[in-house]
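Shown next, in structure tokens, is the structure this report addresses.
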Amino acid sequence: MKAKPNNVTVLMPGLVVEGNMILDHGLSVFALANGDIISTEGLLHVGAGGIVKGKVQGEIVRIDGLVEGDVHARDMLEINGRVLGNVFYCGTIRLGQHAALNGQLRRVSRELVIENAAAERETTPERLVSNGAAQ
């Protein structure tokens, strides 16, 4: 079943998620996520207090918490928190007043980001979360 564009999964404080995730809708992380997160549609948001120890990739990405890994944004990227890793973006980028980046910042073609994501999915076992239910 195809997710509606306004579907969002929220990982609340106190939750610890182990493993990689692929979602076909938006995600807000206020928890600790140990693993890569890929959102194919919607907003991928690492909220204040949220920590992701792994790669973050999405259409629209907003970082208000901490990401310890590379960040890939296919459309828009906004960083108000901390990123300890390289940042790759295709569209627009906004760095807030308190943004902290420890890594390289690169503008890349959209096709390159999508191609790299597809190659990684073929070699990495992950679970697809659709409409909030793991499959």
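Cα atoms only, segment 8-98: Rg and Dmax in Å?
Considering segment 8-98 through its Cα atoms, Rg and Dmax are 11.3, 33 Å.
Just rank 109, 39, fewest to most, by other beta-carbon atoms within 10 angstrom.
Result, fewest neighbours first: 109, 39.
Arrange the peptides 61-71, 14-24, 40-50 so that the one whose residues have, on average, the most other Cβ atoms within 10 Å appears first.
61-71, 40-50, 14-24
Provide the per-residue ³J(HN,Hα) series for segment 56-72, in order, calculated from phi with Karplus coefficients 6.51, -1.76, 1.60 and θ = phi - 60°, each as a whole number of Hz, with x at glycine and proline positions.
Computed from phi, the couplings for segment 56-72 are 10, 9, x, 5, 10, 10, 10, 10, 10, x, 10, 10, 9, x, 6, 10, 10 Hz.
What is the sum of charges, Lys and Arg at +1 and Asp and Glu at -1, for the other residues whose Cβ falls under 10 Å from the Cβ of residue 47?
0
Have a look at 67, 81, 91 and report the one farthest towards the positive end of the charge dipole of segment 8-98, computed about the Cα centre with Cβ charges (Lys/Arg +1, Asp/Glu -1).
81
Bear in mind these aren't lab numbers, they're just calculated from the coordinates by the rules spelled out. These numbers were taken from a predicted model, which means no experiment stands behind them. In this analysis, Cβ positions are derived from the backbone assuming ideal geometry, glycine residues included, and neighbour counts consider all displayed protein chains.
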